[in-house]
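The values are calculated or read from the model by the stated rules, or taken from the named source; none is laboratory data. None of the values given here were measured: they were computed from a predicted structure. Cβ coordinates were reconstructed from backbone atoms using ideal geometry, including for glycine residues, and neighbour counts include every protein chain displayed. Heads up: the accessible areas ignore ligands, DNA and RNA and are worked out on the full protein's heavy atoms, side chains in. Shrake-Rupley method; radii C 1.70, N 1.55, O 1.52, S 1.80 Å.
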Amino acid sequence: MTGVESPVYEPGHGLLKGRTAVITAAAGAGIGGATARRFLEEGARVLISDVHARRLKEYGAELAGEFQGAVTSMPCDVTDEAQVRALFDAAVREHGRLDIVVNNAGLGGTSALVDMTDDQWTRVLDVTLNGTFRCTRAALRHLRDSGGGVIVNNASVVGWRAQAGQAHYAAAKAAVMALTRCAALEAAEYGVRVNAVSPSLAMHPHLVKVTSAELLEELTAREAFGRYAEPWEVANVIVFLASGYSSYMTGEVVAVSSQHA
């Protein structure tokens with residue numbers, strides 16, 4: 001890490017005590033895994049899911065060893081409607097209720113628009129946008145009947161600003177922002193709040209594998225603090241949006257970056 005001094009990892013304060021959450025794309029590395037850990041530290045019961053079954057099993061076992069009885073895991077491909085429905089049914093069946101949903105699943109990639117194939121475009125939008133839609137729809141069907149809850153979507157600063165080679169990802173994330181705002185209006189009558197976070201560069205091992213060192217250096221240099229975010233720093237904002245401290249917030253997209261535009 002470069003730039004200003006490293007951030008302090010704050011202890012849990014019981015902000016989500018007694019709540020049950022579903023978190024997608026939470027198999028260890030990145031924002032999803034960090035969010036699962038932070039939710040558990042804040043007293044929540046968590047069902048983590050991911051399309052990568054082996055990584056999910058390993059991370060689920062790691063968390064279960066630290067937070068006994070508070071975490072379960074279930075593989076889920078958010079492009080498959082039947083799997084999405086089964087995931088949310090399992091949350092209610094295994095934990096007795098559903099209070100919070102974090103739609104973290106997304107797929108990136110880099111390709112010049114002129115060379116981008118239909119398959120590249122469609123795959124990114126199906127995971128990132130359609131997956132968020134499917135999970136939001138499934139969550140609302142449970143939450144409208146249970147008296148309320150919270151949905152937090154993971155958007156991105158590229159939904160606001162342009163980045164070469166990211167047309168499919170940027171379009172999907174901008175659409176997630178619009179979906180968040182529209183869903184918030186519809187969900188208000190059920191007592192459900194829907195917000196989103198918009199991170200920039202949250203560093204984790206898998207990102208390093210799929211992103212060039214030059215691009216990572218460029219994105220880091222753009223940040224006001226002169227460093228990338230730790231995944232748990234984004235997770236902290238998700239905790240806030242999921243907690244009672246944001247009880248009057250809905251339809252908002254919160255930048256976790258200085259790169260709003």
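Brief remarks follow.
- So residue 71, is it open to solvent by 40 Å² or more (accessible area, probe 1.4 Å) and over 23 Å from residue 145 (Cα atoms): no
- Members of the stretch 69-101 found to be of a type in the set (Gly, Ala, Ser) and within 26 Å of residue 122 (Cβ to Cβ), listed by number: 82, 86
- Restricting the stretch 18-36 to residues that are surrounded by fewer than 24 Cβ atoms within 10 Å (Cβ to Cβ) and not aliphatic (A, V, I, L, M), the residue that is nearest to residue 104 (Cα to Cα) is 30.
- Filtered residues of the stretch 19-43 (kept if free of Cβ contacts under 8 Å to residues at least 60 places away in the same chain and not charged (D, E, K, R)): 27, 28, 36, 40, 43
- Hits in the stretch 213-249 - residues which are open to solvent by 60 Å² or more (accessible area, probe 1.4 Å) and either within 15 Å of the chain's Cα centre (by Cα) or at pLDDT 95 or above (or both): 240, 245, 247, 248
- Qualifying residue in the stretch 8-18 (condition: part of a helix (DSSP H, G or I) and touching a residue at least 40 places away in the same chain (Cβ under 8 Å)): no
- Flag set for residue 47, criterion: part of a strand (DSSP E or B), modelled with pLDDT of 95 or more, surrounded by 23 or more Cβ atoms within 10 Å (Cβ to Cβ) and in contact with a Ser or Thr (Cβ under 9 Å, 6 or more places away or on another chain).
- Filtering the stretch 102-155 to residues that are on the phi < 0 side of the Ramachandran plot, within 18 Å of the chain's Cα centre (by Cα) and assigned to a loop (DSSP other than H, G, I, E, B) leaves 104, 105, 106, 107, 108, 155.
- Selection count, the stretch 89-102, where residues are within 17 Å of residue 144 (Cβ to Cβ) and not aliphatic (A, V, I, L, M): 3
- Entry remark, the stretch 70-96: residues being at pLDDT 95 or above, assigned to a loop (DSSP other than H, G, I, E, B) and over 20 Å from residue 176 (Cα atoms) number 1 in total.
Residues checked against (1) modelled with pLDDT under 95; (2) of a type in the set (A, V, I, L, M, F, W, C); (3) over 20 Å from residue 22 (Cβ atoms):
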position: 119; (1), (2), (3): no, no, yes
position: 123; (1), (2), (3): no, no, yes
position: 137; (1), (2), (3): no, no, no
position: 146; (1), (2), (3): yes, no, no
position: 158; (1), (2), (3): yes, yes, yes
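- Count of residues meeting criterion [over 22 Å from residue 187 (Cα atoms) and out of contact with any strand residue (DSSP E or B) (no Cβ under 8 Å at 6 or more places or on another chain)] in the stretch 84-131: 22
- Filtering the stretch 113-159 to residues that are of a type outside the set (Ser, Thr, Tyr), over 20 Å from residue 182 (Cβ atoms) and surrounded by fewer than 20 Cβ atoms within 10 Å (Cβ to Cβ) leaves 113, 114, 115, 116, 118, 119, 120, 121, 123, 145, 147.
- For the stretch 39-88, filtered to residues that are of a type in the set (D, E, K, R) and in contact with a Pro (Cβ under 8 Å, 6 or more places away or on another chain), the residue that is farthest from residue 130 (Cα to Cα) is 41.
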